[in-house]
Amino acid sequence: MDVDNFSQQIEELRSRVRGIWQRTATQPNSQQELIIAAFDELQMAMEELLAASEELEVTRLEAEKERQRYQELFDFAPHGYLVTNTVGKILEANYAAETMLSVRQKYLVGKPLILFIAQQDRQIFSCLINNSQEIEDCVIEIKPRLDTPFPASIRASPVYDSQEKLVGWRWLVRNISEAKQAQEQVAKRTVELAKANQQLLSEITEHKRAKSQLLHLAFHDVLTGLPNRALFMNRLEDAVNYSKRHSEYLFAVLFLDLDRFKTINDSLGHTFGDQLLLTVAQRLQECLRSIDIAARLGGDEFIVLLVGIRDVLEVVAVVERIQKNLALPVVLDGHEVSTTASIGIALSITGCEQPEDYLRDADIAMYRAKAQGRACYEIFNSDMHIQAMAHLELINELRRAVELQEFRVYYQPIVSLSRGRITGFEALVRWLHPKHGIVLPGYFMPTAQETGLIIPIEQWILYEACGQIQQWREQFSSSCGYLAESPLTISINLCTTRFSEENLVAHINKVLQDTGLTAPSLTLEITEGVIMENDDKAIIRLKQLRNLGIQLAIDDFGTGYSSLGRLHHFPINQLKIDRSFVSGSIFDDGNLDIVQTIITLAHKLGVDVTAEGVETKEQLALLRKLNCEYGQGYFFSHPLDSSQATALIMANPQW
């Protein structure tokens with residue numbers, strides 16, 4: 001029961017007592033009755049008062065308990081709570097406010113709250129308390145006594161009395177230093193995350209770009225930007241599969257190999273070679289439709305896929321357009337060069353099952369075209385495949401022959417025409433094939449040169465022949481008197497590949513040292529083509545060989561394209577007239593004039609002449625008349641193995 005209810009019960013009791021006295025006055029009774037009635041009424045009233053008092057006590061205790069709980073909540077709240085009057089003087093403060101303001105509670109009471117507001121925010125505080133409205137989360141700076149100012153969020157609510165008159169303010173003050181620091185940290189972290197996100201986006205973009213670039217590099221040639229073999233084979237596989245489902249669909253594969261590219265690359269340098277390849281790639285694309293594809297295999301090899309063609313005539317038209325476009329001159333840093341291509345064609349009508357088969361067939365046809373000369377093309381047929389398989393078998397057999405040393409050196413005597421005696425031998429290679437017996441070099445040497453196997457073969461020939469001639473020199477120097485005065489010499493052919501080797505001079509010098517043969521006893525025979533292909537480098541290499549003391553001869557002279565104007569620059573000792581001008585009838589087809597001219601030219605240059613292909617007495621007599629120094633041919637002897645050559649030396653023939 002609250003106080004208002006208790007007062008109301010007291011007032012009702014008074015009313016009831018007055019009513020008793022009034023009834024007594026109007027109805028007179030005895031005094032005793034009056035007292036008894038009054039006592040009963042009073043007793044009832046007292047009982048009601050006691051009950052109301054007890055109820056009031058319970059209510060008071062509950063109110064005290066509630067007040068105590070509120071006080072504890074007020075005192076021990078985590079944030080600062082203050083109560084001020086209307087002008088801001090502190091009436092109450094909790095422990096958090098005491099800690100926050102660095103002033104004990106009892107000293108806070110009576111202090112103006114504005115004393116603890118930073119100077120720059122006091123005007124804001126004054127406006128707040130004059131506004132008489134609830135304040136929500138206003139941020140100001142609190143300045144504790146003898147402590148560091150800190151930012152605080154304040155919330156204020158006005159206090160009114162029963163007449164709705166403003167009597168004060170309740171203040172909630174929260175220290176937001178950590179929150180603000182956290183907010184600043186969050187803001188800072190947000191900026192960092194934004195930067196990190198931007199960097200991540202950049203990295204993702206870069207990763208995508210790198211991935212795209214890697215994907216492009218995986219399927220395109222680095223130099224020309226054309227598709228590479230992998231992409232080409234994907235497109236070719238699509239064409240093959242489509243043609244299997246649509247019999248009327250035709251396509252063609254072109255295999256291109258540039259003519260003379262190595263010469264251009266070696267003479268002008270790799271930079272110019274790369275520029276030429278770029279030009280070729282561009283011109284190649286200009287000759288194709290958008291649905292066709294041109295790719296670079298590597299080096300100077302290109303491949304083309306023509307799809308949806310009508311017939312072979314359309315393919316030939318494209319090939320001729322490519323040839324015409326490639327043949328146009330190219331100016332590279334002031335140097336005008338031109339190139340052509342040997343082109344092999346494989347048509348889909350051959351019905352190959354795998355994409356690789358078409359590429360193989362086009363490659364085979366290209367080699368057939370290259371064998372015909374420059375700027376030629378060939379269409380693949382089944383006979384080419386048979387020949388290619390035979391060629392592949394030959395290559396494998398040659399590799400085995402090199403490993404098993406199946407080669408033999410045969411020796412053909414070189415005869416001094418003035419004395420009619422043997423002065424030396426030319427070393428000629430034969431292949432002792434396990435199935436076919438003796439195989440002549442014309443059958444396997446072009447393939448050996450093509451595959452590079454010519455290098456180990458010629459290295460072996462050089463060592464074997466030099467060792468053999470040195471053995472004969474030691475064996476017959478005393479028994480054959482003329483050999484003591486003019487020891488035997490050995491002539492060995494040198495191919496283009498071997499001539500261009502960097503370690504050629506060093507290797508020859510080592511062979512001479514190992515075998516004991518003197519350098520002047522060795523003659524290296526080099527064709528006109530080898531010299532012309534290497535141009536100025538040839539002169540340098542020839543001089544390096546001559547500095548060793550080695551004799552040098554131009555072999556098969558008259559059949560090549562050497563410049564007579566430059567011939568005197570070559571440090572040679574001998575010219576060898578090709579057998580085509582000597583064998584048969586030397587008097588036919590103007591051969592006599594050619595032979596005579598070559599001998600005269602050689603003598604003008606101060607070099608000797610060896611005539612190859614001497615087969616008859618008449619030829620020998622004529623060559624002697626023309627003052628030719630040496631002869632070589634079947635008239636003197638066929639090429640002999642080492643034992644037969646030894647017997648010939650011992651026989652000491654004279655012609």
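The values are calculated or read from the model by the stated rules, or taken from the named source; none is laboratory data. Bear in mind that the values here come from a model prediction, so they are computed numbers and not experimental data. Here the Cβ is made from the backbone with ideal geometry for all residues, glycine too, and neighbour counts use every protein chain on show.
Of note:
- Residue within the stretch 148-164 that is loosely packed, with under 12 Cβ neighbours inside 10 Å, at pLDDT below 90, β-branched (Val, Ile, Thr) and not in a helix (DSSP H, G or I) present: yes
- Selection count where residues are surrounded by fewer than 19 Cβ atoms within 10 Å (Cβ to Cβ) and either of a type in the set (Val, Ile, Thr) or within 28 Å of Pro571 (Cα to Cα) (or both), scope the stretch 609-628: 5
- Taken together, the criteria exclude Gly420 from residues that are under 39 Å from the mean Cα position of the chain (by Cα), of a type in the set (Gly, Ala, Ser) and surrounded by fewer than 19 Cβ atoms within 10 Å (Cβ to Cβ).
- Top-ranked residue in the stretch 292-323 [being farther than 15 Å from Asp257 by Cα and not aliphatic (A, V, I, L, M); ranked as surrounded by the most Cβ atoms within 10 Å (Cβ to Cβ)]: Asp292
- Among residues of the stretch 241-264, those that are among the β-branched types (Val, Ile, Thr) and modelled with pLDDT of 95 or more, counted: 1
- Test: residue in the stretch 458-471 that is without any contact (Cβ under 8 Å) to a residue 12 or more places away in the chain, closer than 30 Å to Leu626 by Cβ and not hydroxyl-bearing (Ser, Thr, Tyr): no
- Qualifying residue in the stretch 237-260 (condition: among the aliphatic types (A, V, I, L, M) and over 24 Å from Ala317 (Cα atoms)): no
- Residue check for Ala281: touching a strand residue (DSSP E or B) at 6+ places or on another chain (Cβ under 7 Å) and in a helix (DSSP H, G or I): yes
- Search result, residues across the stretch 400-434 that are closer than 15 Å to Leu648 by Cα and among the charged types (D, E, K, R): Arg421, Glu426
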